[in-house]
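> Please see the structure below; I have some questions.
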Amino acid sequence: MASAVSKTPMLRAAAARGFAAQAQAAAACRGSADVQCTNLPNKMTVASAESGAAVARVSIVYRAGSRNETADNLGASHVLRAAAGLSTKTATTFGITRNLQQVGSSLTATSDRETITYTVAVTKDELETGLKFLEAAATGQVFKPWELADLTTRVKADIARVPTEVEAVESLHKAAFHSGLGNSVFCPGYNAGKHSSETMQHYVAANCTAARAAVAGVGVDHQLLVGFAQSLNLESGSSSDSKVDSFNSSEIRHERGGNRAAVAVATHAPGWNSLNECLAGYVLQYAAGTGPVTKRGANNGALTKQIGESVASSALYSSYSDNGLFGFVVAGNAKEVGKAVEAGVKGLRSLNVSDADVARGKAGVYSWIAEYLESHGTLAFDLGEQAALLGKIYKKAEILAAIESVSTSDVQAAARKLASGKLAVGAVGNLSSVPYLCSLN
């Protein structure tokens, strides 16, 4: 078996586990795909985009990310994604691996704070085999005790590989939201190996239901995908989500010693339920600066320029379906980080963007979205996220048009809201020079 873990420090930290031989990704999609969306009577959403690629990608997505965990099962979503490909009601681990290898397919599981996504990539002539084992992995989990015990080493390895910057962002979420969105996408170290079969079955029964699911595909006929979704053996369940997490002004510090530190600072920001404000937030993030765009380049953002060149820095915007965080992340020599944090907070409080900054921010968002949706792999993931969280699909053209409509006054209004907000802080490393929250607010 092959495994891979991917992390996105400045956006939403996610981890993935891949199985069998990796099917080669199709060349970047050229032109606009025909996106279709269907809402089934059982409240499941099906979304698809046709393409001319030889490889089809199909995802089953559940609203079962870490925000749905409770104090009794913290880390369950991490265990769930790590357990993808283990024995199911209809197939063994060996059977899943061998059959997918024989058709040159891959099975991955990816999760974040809101969703967990099971995806199969397979050539179109072997789609039936791919869908068979995707269904087995995503709907037939059994969580045999001995397999969960063997999984502990993998979960601990995932935890050990978390970069300091990601850990700072995870701590920031915990400080800002406490529970719900504050739950890390990584299992707490003290809980590794302590999730029983009963705990996992209960978590799946509560969160992996038809009303909380979506099916998305790229390079697959839409009606075929609708038929596949209707055939899934899922309990209807409830579509209701937990209450919206309230923002808290607090801090979490992990003293580690050494000569490096990473600090994430943020205030409350809008989520995707306020689309126009959310897009203004993304434009502001790129205008504020997301780090050098070339090797040994300079920080030219409105915020990162004020933080300086002594540390690595980037504006941070973590957006979710109903909530968000906007701020910055700095990492570097422990002696320099404290001054950088103070400069960053000062810059955030007085953040002012010009027409040129907004134009640069728009260009950055255009480039990010266009590149993200060019790949069939990330397009399939995006369709699944939108279908599961929103119940509808925003087409690429609609998003780009909405970005175009964002004005300088919209971005300046977003910056003014952030300037008056309370702060939350997550810090990891040698924090001897890092100021406490009480001196920043």
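The values are calculated or read from the model by the stated rules, or taken from the named source; none is laboratory data. Treat the numbers as computed from the prediction; the structure is a model and nothing was measured. Cβ: placed from backbone, ideal geometry, glycine included. Neighbour counts: every protein chain shown. Ligands, DNA and RNA are stripped out before the accessible areas are found, and what is left, the full protein with its side chains, is counted by its heavy atoms. Shrake-Rupley method; radii C 1.70, N 1.55, O 1.52, S 1.80 Å.
> Can you confirm whether GLY217 is crowded, with 20+ Cβ neighbours inside 10 Å and within 30 Å of ARG57 (Cα to Cα)?
yes
> Determine if the range 61-68 includes at least one residue that is of a type in the set (S, T, N, Q), within 18 Å of PHE143 (Cα to Cα) and either within 16 Å of the chain's Cα centre (by Cα) or surrounded by 20 or more Cβ atoms within 10 Å (Cβ to Cβ) (or both).
Step one: filter the range 61-68 for residues of a type in the set (S, T, N, Q), giving 66, 68.
Now restrict to residues that are within 18 Å of PHE143 (Cα to Cα): none.
Among the residues of the range 61-68, not one is of a type in the set (S, T, N, Q), within 18 Å of PHE143 (Cα to Cα) and either within 16 Å of the chain's Cα centre (by Cα) or surrounded by 20 or more Cβ atoms within 10 Å (Cβ to Cβ) (or both), which makes the answer no.
> Another question, if that's okay. What pairs come up if the first residue lies in the range 425-441 and is touching a residue at least 12 places away in the same chain (Cβ under 8 Å), the second is part of a strand (DSSP E or B) and open to solvent by 80 Å² or more (accessible area, probe 1.4 Å), and their beta carbons are under 9 Å apart, counting only those six or more places apart or on different chains?
ALA427/GLU255; VAL428/GLU255; GLY429/GLU255; GLY429/ARG260; ASN430/GLU255; ASN430/ARG260; LEU431/GLU255; SER432/GLU255
> Pairs please, first residue from the range 39-65 and touching a residue at least 60 places away in the same chain (Cβ under 8 Å) and more than 15 Å from PHE228 (Cβ to Cβ), second anywhere and among the aromatic types (Phe, Trp, Tyr) and open to solvent by 10 Å² or more (accessible area, probe 1.4 Å), Cβ atoms under 7 Å, 6+ apart in sequence or on different chains.
Every condition considered, no pair remains.
> State whether one or more residues within the range 370-390 are in contact with an Asp or Glu (Cβ under 9 Å, 6 or more places away or on another chain), open to solvent by 40 Å² or more (accessible area, probe 1.4 Å) and under 16 Å from CYS278 (Cα atoms).
Yes, the conditions are met somewhere in the range 370-390.
> Output the number of residues of the range 83-108 satisfying the condition of being crowded, with 22+ Cβ neighbours inside 10 Å and either part of a loop (DSSP other than H, G, I, E, B) or of a type outside the set (Val, Ile, Thr) (or both).
7
> Considering only the range 391-407, how many residues are in a helix (DSSP H, G or I) and either within 15 Å of the chain's Cα centre (by Cα) or over 24 Å from TYR118 (Cα atoms) (or both)?
Counting residues in the range 391-407 that are in a helix (DSSP H, G or I) and either within 15 Å of the chain's Cα centre (by Cα) or over 24 Å from TYR118 (Cα atoms) (or both) gives 8.
> Which one is least open to solvent (accessible area, probe 1.4 Å), of the residues in the range 325-336 that are in a strand (DSSP E or B) and over 13 Å from VAL169 (Cα atoms)?
GLY332
> Would you mind stating whether VAL345 is in a helix (DSSP H, G or I) and in contact with a Pro (Cβ under 7 Å, 6 or more places away or on another chain)?
When the stated conditions are applied, VAL345 does not pass them.
> Being farther than 16 Å from LEU234 by Cβ and buried (at least 22 other Cβ atoms within 10 Å of the Cβ), is that true of even one residue in the range 34-45?
no
> Within the range 393-402, can one find any residue that is surrounded by 14 or more Cβ atoms within 10 Å (Cβ to Cβ), basic (Lys, Arg) and within 21 Å of GLN285 (Cα to Cα)?
Taking every residue of the range 393-402 in turn, at least one turns out to be surrounded by 14 or more Cβ atoms within 10 Å (Cβ to Cβ), basic (Lys, Arg) and within 21 Å of GLN285 (Cα to Cα).
So that you can scan it fast, the table gives a plain yes or no per residue for (1) surrounded by 17 or more Cβ atoms within 10 Å (Cβ to Cβ); (2) in contact with a Phe, Trp or Tyr (Cβ under 6 Å, 6 or more places away or on another chain); (3) outside any loop (DSSP other than H, G, I, E, B); (4) among the β-branched types (Val, Ile, Thr):
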residue	(1), (2), (3), (4)
GLU235	no, no, no, no
SER246	no, no, no, no
ASN276	no, no, yes, no
LEU284	yes, no, yes, no
THR294	no, no, no, yes
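> Also, quick follow-up: Report, by residue number, each residue of the range 134-162 that is among the hydrophobic types (A, V, I, L, M, F, W, C), farther than 19 Å from ALA214 by Cβ and either assigned to a helix (DSSP H, G or I) or open to solvent by 50 Å² or more (accessible area, probe 1.4 Å) (or both).
TRP146, LEU148, ALA149, LEU151, VAL155, ALA157, ILE159, ALA160
> Check off (1) open to solvent by 10 Å² or more (accessible area, probe 1.4 Å); (2) among the polar types (S, T, N, Q); (3) touching a helix residue (DSSP H, G or I) at 6+ places or on another chain (Cβ under 7 Å) for SER314 and give me the number that stays unchecked.
Of the numbered conditions (1) open to solvent by 10 Å² or more (accessible area, probe 1.4 Å); (2) among the polar types (S, T, N, Q); (3) touching a helix residue (DSSP H, G or I) at 6+ places or on another chain (Cβ under 7 Å), the odd one out for SER314 is (1).
> Considering ASP125, ASP72, which residue is assigned to a loop (DSSP other than H, G, I, E, B), assigned by the TED database to the domain that holds GLU198 and surrounded by fewer than 22 Cβ atoms within 10 Å (Cβ to Cβ)?
Checking each option against the conditions leaves just ASP72.
> Here are the criteria: (1) within 30 Å of GLY217 (Cβ to Cβ); (2) open to solvent by less than 10 Å² (accessible area, probe 1.4 Å). Tell me which single one TYR366 does not satisfy.
With respect to (1) within 30 Å of GLY217 (Cβ to Cβ); (2) open to solvent by less than 10 Å² (accessible area, probe 1.4 Å), TYR366 is out only on (2).
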